[in-house]
Amino acid sequence: MGFFTLLEVASMPILQVLIVGMLGAFMATSYWNLLPADSRKSLNKIVFAVFTPSLVFASLAKAVTLEDIISWWFMPVNVGFTFLFGGILGWILVKILRPKPHLEGLIIATCSSGNLGNLLLIIVPAICKEDGSPFGDSQVCSTTGLSYVSFSMALGGFFIWTYTYQLIRTSSTKHKAVEAIEGVPKTPNKDSDADHQTHLLKPQDQDHLEDIIVAPADYIGVATKNQAVIVAEEPKSTSFWKRLEEILGPIKEELLAPPTLCTILGFIFGAVEWLRNLIIGDTAPLRVIQDSVQLLGDGTIPCITLILGGNLTRGLRSSKIKPLVIIGVVCIRYIILPIIGVWIVKVANHLGFLPPDPLFSYVLMVQFTLPPAMNIGTMTQLFDVAQEECSVLFLWTYLVAALALTFWSTIYMWNLS
């Protein structure tokens, strides 16, 4: 298949995202005011609690078998590699550019934590529907592709709410320490979007999330005599359990989240034949359940694309980050990591670690090419650190993603066809 034909196939889903995303951005402006912060927050909750779980369950229950689950064992390893190499490269970038201490965690997080759910939910089905797609029948491709994406989304959520969560939490602790030293009073955030959950698939409200978030362990005080920072240490008997609670709290919340629960249920229904026969197929006695769930799932993609466009408008109102930081993050996410990803997937395929489906290899490669996870924005709001800088990084990385994803998707499909 020709390179330019594949380029056209790769560009169509990206153009769809841009068109619908621009509509969402326009709807979020004061001119229309159809999608303000409160509306996006409410729509986020519906997408998170209803649409996405429905889409995940419908695709997994229909397409996944026990043999498939076993053969996909390399995907968790691949996702781990994206966080490992991205984290190392982000750490190097921080050491070179030396940003403010409270920005270090944000920079490493944006380099390592990709949007492993939302964009793949849009891109993979759209590519499957194109006539020139190298992945075979469009219906089979879409169903199987959504199964891969659902698994990717569940894995990404686990890594993000453990590794990335700790990065942002550490940045918040540094930020509070600097404020204490400088004696700068805490000023309220007056941004109209300040209470908005910028992620697409994790929109619990602030009160609910605070139940699982433990305040930083260090309590900072400033001595009036010598302006030294005094850290009041907690009793050692409670320190271990407090740390354990801090680590396990986000993991527990992620495992109980509707998309994750429906991913588990989808795998169970797909792997257990008699459960699958209850809801899947024209003669299934409970097929109306699958049809209803599929109907709800169809609302996921247009909604999350509109929200994505509306959220990115926040980055237009701030410029509190060095241009070199933006350039460095963009280069890591769209130049260095994709090259590493191609090499890893090729080696894994050569060693026989991957199933023969080229779409599986394509999804593994794209996992190295995605913009930062929207959940990072949620964490900056929860800990009240680097929110404006996060919005700017998101704006530029998602704008560049339109070109980068088109280019790399073409390369990946050309390699696999």
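List the extent of the Cα atoms of region 50-96 along each of their three principal axes, largest first, rounded to whole Å.
Principal axes ranked by extent give 48, 28, 8 Å for the Cα atoms.
Which residue, chosen from ALA109, ILE96, TYR148, occupies the Cα position most advanced towards the positive end of the dipole of region 94-152, where the dipole is computed from +1 (Lys, Arg) and -1 (Asp, Glu) charges on Cβ about the Cα centre?
The Cα lying farthest towards the positive end belongs to ILE96.
At a 1.4 Å probe radius, carbon and sulfur cover how many percent of the accessible area of region 349-417?
The computed percentage sits at 65.
Taking N as the number of residues in region 253-360, what is its alpha-carbon radius of gyration divided by 2.2 N^0.38 Å?
1.62
Kindly report, to the nearest 10 Å², the accessible surface of ASP384 as traced by a 1.4 Å probe over protein heavy atoms only.
Taking all protein chains as shown, ASP384 has close to 60 Å².
Which shape class, rounded, prolate or oblate, goes with region 1-68 when its Cα gyration tensor gives a ≥ b ≥ c as root eigenvalues, a/c under 1.5 marks rounded, and past that a/b bigger than b/c marks prolate?
Oblate, since a/c reaches 1.5 and b/c is not below a/b.
In percent, how large is the relative contact order of region 50-123, given Cα pairs closer than 8 Å and 6 or more residues apart?
Relative contact order here is 31 percent.
With the full set of protein chains in place, find how many percent of the accessible area of region 50-101 is carbon and sulfur; take the probe as 1.4 Å.
Heavy-atom surface of region 50-101 belonging to carbon and sulfur, 1.4 Å probe: 74 percent.
Report the FRET efficiency, 1/(1 + (r/R0)^6), for LEU286 and ILE336, where r is their Cβ-Cβ distance and R0 is 51 Å, rounded to 0.05.
Given R0 = 51 Å and the Cβ-Cβ separation, E is 0.55.
Return the subset of LYS242/LYS346; LYS129/LYS322; LYS62/LYS346; LYS41/LYS176; LYS100/LYS242; LYS45/LYS346 for which the Cα-Cα distance in this structure is over 32 Å, preserving the input order.
Details: LYS242/LYS346 43 Å; LYS129/LYS322 40 Å; LYS62/LYS346 29 Å; LYS41/LYS176 27 Å; LYS100/LYS242 28 Å; LYS45/LYS346 39 Å.
Distance filter (> 32 Å) returns LYS242/LYS346; LYS129/LYS322; LYS45/LYS346.
Can you give the alpha-carbon Rg of region 13-152 over 2.2 N^0.38 Å, where N counts its residues?
So region 13-152 has a normalised radius of gyration of 1.30.
Using amide H atoms built 1.01 Å from N in the peptide plane, name the residues 5+ places from GLY114, or on other chains, whose amide H lies under 5 Å from its own.
HN-HN under 5 Å from GLY114: ALA373.
Taking H placed 1.01 Å from N in the peptide plane, check which residues at least 5 places from GLY299 or on another chain put their amide H under 5 Å from its amide H.
For GLY299, whose amide H was placed from the backbone, there are no distant partners under 5 Å.
With the cut-off at 1.5 for a/c, could you classify region 320-399 from its C-alpha gyration tensor as rounded, prolate or oblate?
prolate
Starting from the 7 Å offset along Cα-to-Cβ, what nm value, one decimal, do you get for the label separation of LYS129 and TRP241?
Placing both labels 7 Å beyond Cα along the Cβ direction yields 5.3 nm.
May I ask which residue of VAL400, GLY377, PRO355 lies farthest towards the positive end of the charge dipole of region 312-417, with charges of +1 (Lys, Arg) and -1 (Asp, Glu) on Cβ and the Cα centre as origin?
VAL400
The values are calculated or read from the model by the stated rules, or taken from the named source; none is laboratory data. Keep in mind it's a predicted model, so treat the numbers as computed, not measured. Note: ideal-geometry Cβ built from the backbone for every residue, glycine included; neighbour counts use all protein chains shown. Accessible surface is based on the protein model in full, side chains and every heavy atom, while ligands, DNA and RNA are left aside. Shrake-Rupley method; radii C 1.70, N 1.55, O 1.52, S 1.80 Å.
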